[in-house]
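Written out below as structure tokens is the structure these notes cover.
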There are 2 protein chains.
Amino acid sequence: MVETILKPEPIDADRFRPFGDVFDAEGEPDMIINEGRCGRHHDKVRLDVGTGRAGISLFRTRAVEIPYALTVMERHPLGAQAFIPMSEDPFIVVVAEDDGGKPGMLHAFKTAPRQGVSYLPNTWHAPLIALRDDAVFAVIDRIGSGNNLQEFTYDTPVMVSG
Amino acid sequence: MVETILKPEPIDADRFRPFGDVFDAEGEPDMIINEGRCGRHHDKVRLDVGTGRAGISLFRTRAVEIPYALTVMERHPLGAQAFIPMSEDPFIVVVAEDDGGKPGMLHAFKTAPRQGVSYLPNTWHAPLIALRDDAVFAVIDRIGSGNNLQEFTYDTPVMVSG
């Protein structure tokens, strides 16, 4: 038996666009504010929260063991979800196209320091995969009623390297 | 002449509440998610964006020189604004009560690593005061039409220590 290992690639905004947005403060800002000290990169995320409202929550997570045994994917049909790391530690992002109501081909990425990632509504993604313990993220997602969580469980874990 | 120096105190959620929210992932989470690895501290910010929508922008700023010569205060009448640091560097927050359409008594605070801060709509605050160069913040604020910026300029700068 050949074991498949999913190896994260450096995340790339263009390649990630079908799943969501990679956002950082690289490149030219859209405006200069605060007495010339500060560049504003304006409105960088497709943050569709549908019939809900956007809220700010905090996630605090343990690190995973590498290789990570990915057993579950999830998606949020009613709204986008953005992850903003509150330290400079990279994290791993696994997404998938939809294949008839379940996750299809998997894609794994690793962020750089000071990059955030968002998922479009209804985009299959792995749970938060942090590489350091006690990692803290601000999460911007939809607050509202309705069932906004679907999960899919694999019979055999997919192994993800670091 | 006696020069007044405003000395930032460690930020405190209770004392800050009239101006906005201090949010972090301390204390008991509201729910445990992601296979037991992660605590969610749910919906921690009063993020009123009125007739607009919430968007995610990135601010990248130079450090100020300490003591910082504060010359301008600003407020956003149409929506709240939240600052999420994307590194573990503390920053300084200066707010004021309103005094007949201009900032009254000033209050200065310093954050701890992995703390974010939001301002309620129409709350007087200083521009972003970072203590390290190239500091990056995710900013969640109102995207929409209308004039959402008021500024007040002091004749004599207020000096803020580090």
(message) With the structure loaded, tell me whether A:Val72 is of a type in the set (Val, Ile, Thr) and buried (at least 19 other Cβ atoms within 10 Å of the Cβ) or whether it fails that test.
(response) no
(request) Answer yes or no as to whether A:Phe83 is touching a helix residue (DSSP H, G or I) at 6+ places or on another chain (Cβ under 7 Å), under 24 Å from A:Arg17 (Cβ atoms) and not charged (D, E, K, R). (result) no
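With respect to B:Asp24, is the statement that it is open to solvent by 20 Å² or more (accessible area, probe 1.4 Å), facing chain A (nearest Cβ under 10 Å), over 15 Å from the mean Cα position of the chain (by Cα) and at pLDDT 95 or above true? Lay out the reasoning, then the answer.
Details: open to solvent by 20 Å² or more (accessible area, probe 1.4 Å): yes; facing chain A (nearest Cβ under 10 Å): yes; over 15 Å from the mean Cα position of the chain (by Cα): no; at pLDDT 95 or above: yes.
No.
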(message) So, in the stretch B:121-160, how many residues would count as being of a type in the set (Ser, Thr, Tyr) and farther than 19 Å from B:Ala69 by Cβ?
(response) 2
(request) Please determine, by comparing only the residues of the stretch B:77-107 that are open to solvent by 10 Å² or more (accessible area, probe 1.4 Å), farther than 20 Å from B:Arg53 by Cβ and touching a residue at least 60 places away in the same chain (Cβ under 8 Å), which one is farthest from the other protein chains (Cβ to nearest Cβ). (result) B:Glu97
(request) Provide a single number: the residues in the stretch B:142-162 that are open to solvent by 40 Å² or more (accessible area, probe 1.4 Å) and among the aliphatic types (A, V, I, L, M). (result) 1
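Just one of A:Arg114, A:Arg46 is open to solvent by 10 Å² or more (accessible area, probe 1.4 Å), within 11 Å of chain B (Cβ to nearest Cβ) and at positive phi; which is it? Break it down into steps so the answer makes sense when it comes.
On the way: A:Arg46 fails: at positive phi.
The match here is A:Arg114.
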(message) If A:Ala54 meets every condition in (1) facing another protein chain (nearest Cβ under 7 Å); (2) open to solvent by less than 20 Å² (accessible area, probe 1.4 Å); (3) under 28 Å from B:Asp133 (Cβ atoms) apart from one, which number is that one?
(response) (3)
(request) Kindly provide the set of residues from the stretch B:16-41 that are out of contact with any Phe, Trp or Tyr (no Cβ under 8 Å at 6 or more places or on another chain), in a loop (DSSP other than H, G, I, E, B) and within 30 Å of B:Ala96 (Cβ to Cβ), ordered by number. (result) B:Arg17, B:Pro18, B:Asp24, B:Glu26, B:Gly27
(message) Criterion first (aliphatic (A, V, I, L, M) and assigned to a strand (DSSP E or B)) does A:Val64 satisfy it?
(response) no
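The values are calculated or read from the model by the stated rules, or taken from the named source; none is laboratory data. Bear in mind that the values here come from a model prediction, so they are computed numbers and not experimental data. Cβ sites come from the backbone with ideal geometry, for glycine too, and all protein chains shown count toward neighbours. Only protein heavy atoms, including side chains, enter the accessible area calculation; ligands, DNA and RNA are left aside. Shrake-Rupley method; radii C 1.70, N 1.55, O 1.52, S 1.80 Å.
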